[in-house]
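Notes to accompany the following structure.
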Amino acid sequence: MKKENQKNRGQVRGYLFEQIVCLLLEQNHCAMVQPDRFNKSRVRRVRENFIELKGRGGWHAIDCPFDYNRTLPFLYPVRLIGEVRYHQTTVTKDAIRNFIGVLRDIQENYFIDDSLTPEMVRERRMEIGVFFSVNGFQAEAERLAYSHGIRTISYKNNPIIQVIRDDIDALESEYISYDLFAQKNTRFFLRDFDAMMSGALAVQELVERYELAVESRELFEHLYGAVCAIRSSIMATTNTGMVFHFLGNEEFPEELFAGTDVAVGHIYYQNLKEENQIAYYLELEKDQRHRRFYFTPPEGLSEQAVYGLGAPGDESQRDTGREIHMTLTLGGIQRNLTVMLDTDRISSENGNLLAGL
């Protein structure tokens, strides 16, 4: 709240946004890592909603530890080591440097002895570092993460996330105190907030249980509605391993993939009300409803690093790159889909060309 110090206020906003990122990951074939009798030597819950993973040198609190529930050839089961930052400014390379240390320590904590117990086999994972930032990354931070194989996902200028961000800022500023997370008798707030966002707990019950101001109910309901309005939440990967998080308020056009696994997509941009701010979105070529799926492209990397070969003007490599790949369940069947990106023609809503990203 306004009367509290900035560090505590930032933690409150970060806690709330983490829960929403977790909800969106659950829509992408991911399940949060939980301690059980098989992994108790590597996973522990220090308190409600706070998970730690064991590294070679110690335990590390992880914002979003998720197992990807799809198997991939030649790889151990994939585990996402997710870091979420809700800064008012862009993430710096110092934050990435710290995350590299945490990720490496966890990745190196595998020891095999002659007994090769079932626990050793069952808990072997391929840990992938993913850094989520509500306000983007400095160019040096993005390049440092890329060089160490860490995926960066920015929500800067994403109009769908901006609505959520405005609600979180207002709730923290006026109604939610850091004491909700620090006091022993209210340490379950995040659990109940998650239940509310999942529809398992009524907003009114949350407000009453934690004796929040009656006026906060409208904001909680608006935040819940904004998250429910996200009908498409799709993690997609380019040929170079960059990850885009596409968000849309309409259903993904499954009908375009009825007889094919490939579609053509175009990237457009729109100018936001704020000065010098641009939102990017993907639109599939044959979608007659012109549905938009918003994302934020990396700012600190070249277009070749993001999309692969086939940059504008390179005729010799025109058909070898610029693809994004996504795994979706369509009609109850898991599908691996490809969208061919037309990055030669990045256009605004009124048809003006934008030179590069």
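The values are calculated or read from the model by the stated rules, or taken from the named source; none is laboratory data. Keep in mind it's a predicted model, so treat the numbers as computed, not measured. All Cβ positions, glycine included, derive from the backbone under ideal geometry; neighbour counts span all protein chains shown. Keep in mind that these areas ignore ligands, DNA and RNA; they rest on the heavy atoms of the full protein, side chains included. Shrake-Rupley method; radii C 1.70, N 1.55, O 1.52, S 1.80 Å.
Tabulated data
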{"quantity": "Three-way shape label, region 19-90, alpha-carbon gyration tensor, a/c 1.5", "calculated": "oblate"}
{"quantity": "Residues of type lysines that Lys3 reaches as a straight line, Cα spacing below 26 Å, ignoring anything fewer than 8 places off in the same chain", "calculated": "Lys184"}
{"quantity": "Pair Ser115, Leu75: separation of 7 Å Cα→Cβ label points (nm)", "calculated": "3.2 nm"}
{"quantity": "Qualifying trypsin sites (Lys or Arg not before Pro) in region 105-170, DSSP loop, other Cβ atoms within 10 Å at most 15", "calculated": "Arg124"}
{"quantity": "Loop GluC sites (Glu not before Pro), region 68-128, which have at most 12 other Cβ atoms in a 10 Å radius of their Cβ (DSSP)", "calculated": "Glu108"}
{"quantity": "With every protein chain in place, the chain: carbon and sulfur % of accessible area (1.4 Å)", "calculated": "48 percent"}
{"quantity": "Packing rank of 237-248, 86-97, where each peptide gets the mean count of other beta carbons within 10 Å, highest leading", "calculated": "237-248, 86-97"}
{"quantity": "Cα-based shape type of region 1-143, given that a ≥ b ≥ c are square roots of the gyration tensor eigenvalues and the cut on a/c is 1.5", "calculated": "prolate"}
{"quantity": "Theoretical FRET efficiency, 1/(1+(r/R0)^6), r = Cβ-Cβ of Glu4 and His148, R0 41 Å, to 0.05", "calculated": "0.75"}
{"quantity": "Whole-number accessible area per residue in Å² for the chain, which is evaluated in the context of all protein chains at 1.4 Å", "calculated": "49 Å²"}
{"quantity": "Bins of 10 Å from zero: percent of alpha-carbon pairs in region 132-214", "calculated": "15, 34, 27, 19, 5"}
{"quantity": "Förster radius 22 Å - calculated FRET efficiency between His222 and Ala31 (Cβ-Cβ, nearest 0.05)", "calculated": "0.20"}
{"quantity": "Globularity ratio of the chain, using Cα Rg and 2.2 N^0.38 Å", "calculated": "1.03"}
{"quantity": "Segments 222-231, 327-336 sorted - mean Cβ within 10 Å per residue, highest first", "calculated": "222-231, 327-336"}
